[in-house]
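Single-structure report; data block below.
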Amino acid sequence: MQPFRLRKHTGKPVLSPNPRNAWESMQVCNPGAWYENGKVWMLYRAAGELTDYTIRLGLAVSTDGFRFTRVSTRPVLGPGSDYDGGGVEDARIVKFGDTYYITYATRRFPPAKFWLRRETLRIPPKASPAVRGNLSVSCLATTKDFRTFRKLGPITRSDVDDRDVILFPEKIKGRYVRLHRPIGPRVKRPPSIWLEWSNDLIHWRGDTFIAGPDPAHEFEEAKVGGSTPPLRTPRGWLVIYHGVSRWNVYRTGVMLLDGDNPAKIVARCPHHIMQPEAPHELEGVVWNVVFPTGNVVINGTLFIYYGCADKYIGVATANLDELTEYVWKFRR
């Protein structure tokens, strides 16, 4: 069987750093995306200042899903509270009623030049272990226009590094559902995908392990995490996720979760559907990375927006039905 591969758009980024804006002159990547009324709205992660590497969100829009125009010369969402003083990053977007709900990762302090690994943070020595570790927590914000936002605060524990929090786009059996990827001594598993339930989007219960790294598959043998919001299909919830090899190469995997019980995997593709290949995916702030965070469906075509080497944004497409049926071949 020929492996399924996403189709990358022209082999070039759809958005690159902008040297004219200091806050996004070094990096744009990992965007959330939403399609409505003929437009794709993209909330993208951006950074430019090299002193502390504060991360913010910018806004771009497209009418065809490929060509994007920045909406503002200023970030639309940035740090401003004690819990997100280090920046806001890696947005995922869903909509309930007339309101968009955005999950994003943050730290208490800016991450400094994390890609160098030798950079140290200026953190009070008597701070708690969670603060000393500058652990990532995930937060929730809402908006109705992608310009004015209301921050609702943290939705993960402060003593666990918890990123890749992704809401399902609809309630299941009357409750909200999310994926997340907690890391730390309390978790007792390698970086994996977990699922939780909530009645109010703030308090979460019933944490359930979904999928961990598979040592039989080189592309995901070190860690896995959720990528884009799940999509409901006749075969179940289509979940795009990222897998990391022991050589720290980020690739893209796909699975199906049960439509009524998303804690159950019904099919999981044993190989990746996208990997870093183009120069802008191989070399950047962090090399060898394709990292999906946003997806939309336009006339049956799935558009997947992803960070490239932590410096650019790319898009890849697939026929949604064809991808779903392909993954279904690997049902359990």
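Miscellaneous remarks
- Mean sequence separation of contacting Cα pairs (under 8 Å, at least six apart), scaled by the length of the chain, corresponds to a relative contact order of 16 percent.
- Size descriptors for the chain (Cα atoms only): Rg and Dmax, in that order, 18.4, 57 Å.
- Residue with peak Gaussian network fluctuation, the chain [Cα springs, cutoff 10 Å], from 219, 96, 303: 96
- Using C-alpha pairs under 8 Å with a sequence gap of at least 6, the mean separation divided by the residue count of the stretch 47-114 gives a relative contact order of 33 percent.
- Taking the Cα atoms of the stretch 204-332, the ratio Rg/Rh between the radius of gyration and the Kirkwood radius comes to 0.96.
- Net charge contributed by nearby residues that have their C-beta within less than 14 Å of residue 8 (K/R +1, D/E -1): +2
- Every helix of 4 or more DSSP H residues in the chain counts as -39500 (n - 2.57), and over all residues that averages to -1000 deg cm²/dmol at 222 nm.
- Backbone geometry of the stretch 223-236 corresponds, through the Karplus equation with coefficients 6.51, -1.76 and 1.60 at θ = phi - 60°, to 3J(HN,Hα) couplings of 7, 9, x, x, 10, 10, x, x, 10, 6, 10, x, 9, x Hz, x marking Gly and Pro.
- Difference of contour (0.36 nm per residue) and Cα-Cα distance, residue 5 to residue 263: 90.3 nm
- Kirkwood Rh (inverse of mean 1/r, distinct Cα pairs), the stretch 237-307, angstrom: 13.4 Å
- Highest to lowest packing among 162-170, 13-21, 228-236, scored as the average C-beta count within 10 Å: 162-170, 228-236, 13-21
- Between residue 172 and residue 321, the simple label model (points 7 Å from Cα in the Cβ direction) yields a spacing of 2.5 nm.
- Once the Cα-Cα distance is subtracted from the 0.36 nm per residue extended length, the residue 287 to residue 200 segment shows a gain of 27.5 nm.
Bear in mind that the values in this text are calculations on the coordinates, not laboratory data. Note that this is a predicted model, so its numbers are computed, not measured. Cβ sites come from the backbone with ideal geometry, for glycine too, and all protein chains shown count toward neighbours.
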